[in-house]
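Working notes, structure below.
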Ligand SMILES: Cc1ncc(COP(=O)(O)O)c(C=O)c1O
């Protein structure tokens, strides 16, 4: 190991590469993963033996504090799968091989064993706590992504001749609308397509079908960066509001009782891909059309507490760790404050750039999660993305359908990441304006 490296750097490098070499000196220190102290879940792993050939290396080495970012991690602005809290990843790392003394990894557990049951039950109860989910709502941990819900929702709420209303504020809402056409009679009551999906309509002007079984929205359009700040009410008293919340799930408090169904893929704000969360008012369960595939029938999953077949066990476990982390931050009210701050810093930089950077979305409906922006000089965009990546800020390319850039700043993106991006933007402008 290079003599010029500092002791700490030496230790860190050794730690990261998990060497157990035959070097002369062996330092031992407990890898106490200091986690947010929500509950009983702080994990104290067994002492880990780290080999090191520096005699000075006996000094105690602290595990990184929960909010710190390791120097070998990038700021990942991907739209999903997306960045996860580093302390959550470290906790999962510490528990990977032997989950809390069970002698096995969560990946190896029976989904019907007591260990996994405790994991899924705690994940559900923590999510209920975070979102204040009323008792008359079921929480389902499913598979198939939010895309599968585009068909599951009409199959469970409609007969083939039933109407459903759609407000389409971006590509995801449009996909949900088109898929519903296979199973019911969807009406496009508003679309922002002609304005390139930069707006949300005024609810008073909407011409809702009074018989629509549901009114569908995509609460946050991940590609276009358009977010509902409040929600429309279905005109049909027995109809319900259904929201795809994939990209702003758990980013702020939500009054769940306003919705019949909320669904979300986990891979933006609350975990890895492979888990889809459905929150559904219980009286809507049990009405699936006869030909509904068993895996799309909410009743099957609700009756079996999400364990009808083998669920995405490890993904659910990861979501549970994220829920604990959100609780330890003080809940979704506190999380929202942080998200607002990050978005404000980034939008201010865009709007204050004298047109060098532009965000096309109307200000009141700009997303706190996904910030699309372009450069007045389009050919410079590739250079911007390349230079940012060389500064360890990655995945800033806009979606292929819209181009430009997009910074996804989900819950797990620290303010420091946004500040670094803004500093880079200013520097880039100074060099290229
Ligand atoms: C808002 C929204 N809805 C639906 C989807 C589709 O999700 P999945 O890939 O999990 O099916 C995405 C994916 O990015 C999304 O952002």
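Residue 386 to residue 341: extension gain in nm, 0.36 nm per residue of separation minus the Cα-Cα distance?
Gain in length upon complete extension: 13.6 nm.
In whole angstrom, note down how far apart the Cα centers of segment 164-231 and segment 269-315 are.
Distance between centres, Cα-based: 23 Å.
Can you pull the one-decimal nm distance between simple spin-label points at residue 362 and residue 305, each 7 Å off the Cα toward Cβ?
Calculated label separation equals 4.6 nm.
Estimate the FRET efficiency between residue 74 and residue 193 by the formula 1/(1 + (r/R0)^6), using the beta-carbon distance for r and 30 Å for R0, to the nearest 0.05.
Here the calculated transfer efficiency is 0.30.
Calculate the all-directions average of the projected area of segment 86-329's alpha-carbon convex hull, and give it in nm².
Mean projected area of the Cα convex hull: 13.0 nm².
Quick one: what Rg and Dmax do you get for segment 80-175 from the alpha carbons, in Å?
In Å, with Rg to one decimal and Dmax whole: 18.4, 54.
Can you check how the C-alpha radius of gyration of segment 331-431 compares to 2.2 N^0.38 Å, as a plain ratio?
Ratio of Rg to 2.2 N^0.38 Å for segment 331-431: 1.02.
Taking N as the number of residues in segment 350-406, what is its Cα Rg relative to 2.2 N^0.38 Å?
So the Cα radius of gyration is 1.11 times the expected 2.2 N^0.38 Å.
Throughout, read-outs are computed from the coordinates displayed, never taken from laboratory work. Because the structure is a prediction, the values reported are computed rather than measured. Cβ sites come from the backbone with ideal geometry, for glycine too, and all protein chains shown count toward neighbours.
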